[in-house]
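Asks: Quick one: the structure is below, questions incoming.
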Amino acid sequence: LMTTDAYKPQSMLRHQGMLTKRSLLSKKPKWQRRWVVLQGRTIYWFAAGAIPKGQLEITEGSHVVDYETVDAVAAVAHPHSLVVQTPGLQRASVIGLVLQAE
């Protein structure tokens, strides 16, 4: 990341759309359909309304991998899926957050 005055996270490119997500913590996965916004290096998800239901910051040490590399069997039923792994999730004993494009 740049550390100059030109670096303004609020003006960074924003991507948004519907995704299905779930945590890799749960033994019985519950997929949830959410409006997801990636702005700067933070992922926000919304259930309804303008207030985020949750957020995840992509920090140094974060990784994004194909779901297939984490769980090849489950990935067959959920194509076009990625797993986001961050140090913050790891500290909370969560392997990662799975995001599936619709």
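Asks: Do any residues in the stretch 21-32 that are farther than 21 Å from ALA101 by Cβ have Cβ atoms under 6 Å from those of residues that are β-branched (Val, Ile, Thr) and surrounded by 13 or more Cβ atoms within 10 Å (Cβ to Cβ), where the two are at least six apart or on different chains, and which pairs are they?
Replies: Hits for this filter: LEU25/VAL94.
Asks: A further question on this structure: Exactly one of (1) modelled with pLDDT under 90; (2) within 22 Å of LEU89 (Cα to Cα); (3) surrounded by 10 or more Cβ atoms within 10 Å (Cβ to Cβ) is unmet by LYS30. Its number?
Replies: Answer for LYS30: the failing condition is (3).
Asks: Evaluate the stretch 35-47: report whether one residue or more is more than 15 Å from ILE95 (Cα to Cα) and hydroxyl-bearing (Ser, Thr, Tyr). Please lay out each step first, then the result.
Replies: The initial filter retains those residues of the stretch 35-47 that are more than 15 Å from ILE95 (Cα to Cα), namely 35-47.
From what is left, the residues that are hydroxyl-bearing (Ser, Thr, Tyr) are 42, 44.
The answer is yes; a qualifying residue exists.
Asks: Can you run down the residue pairs with Cβ atoms below 9 Å, 6 or more apart or on separate chains, where the first is in the stretch 75-91 and more than 13 Å from GLU60 (Cα to Cα) and touching a residue at least 24 places away in the same chain (Cβ under 8 Å) and the partner is assigned to a loop (DSSP other than H, G, I, E, B) and among the β-branched types (Val, Ile, Thr)?
Replies: VAL83/ILE95
Asks: Of all residues being within 13 Å of the chain's Cα centre (by Cα) and outside any loop (DSSP other than H, G, I, E, B) in the stretch 88-98, which is surrounded by the fewest Cβ atoms within 10 Å (Cβ to Cβ)? Just the residue, please.
Replies: Filtering the stretch 88-98 for residues that are within 13 Å of the chain's Cα centre (by Cα) and outside any loop (DSSP other than H, G, I, E, B), the one surrounded by the fewest Cβ atoms within 10 Å (Cβ to Cβ) comes out as GLY88.
Asks: Do the conditions hold for TYR44, that is, is it open to solvent by 30 Å² or more (accessible area, probe 1.4 Å), under 24 Å from GLN16 (Cβ atoms) and within 13 Å of the chain's Cα centre (by Cα)?
Replies: Numbers: open to solvent by 30 Å² or more (accessible area, probe 1.4 Å): yes; under 24 Å from GLN16 (Cβ atoms): yes; within 13 Å of the chain's Cα centre (by Cα): yes.
Yes: the conditions hold for TYR44.
The values are calculated or read from the model by the stated rules, or taken from the named source; none is laboratory data. Model, not experiment: these values are computed from the prediction. A quick note on method: Cβ atoms are made from the backbone with ideal geometry, for glycine too, and the neighbour counts reach across all protein chains shown. Ligands, DNA and RNA are stripped out before the accessible areas are found, and what is left, the full protein with its side chains, is counted by its heavy atoms. Shrake-Rupley method; radii C 1.70, N 1.55, O 1.52, S 1.80 Å.
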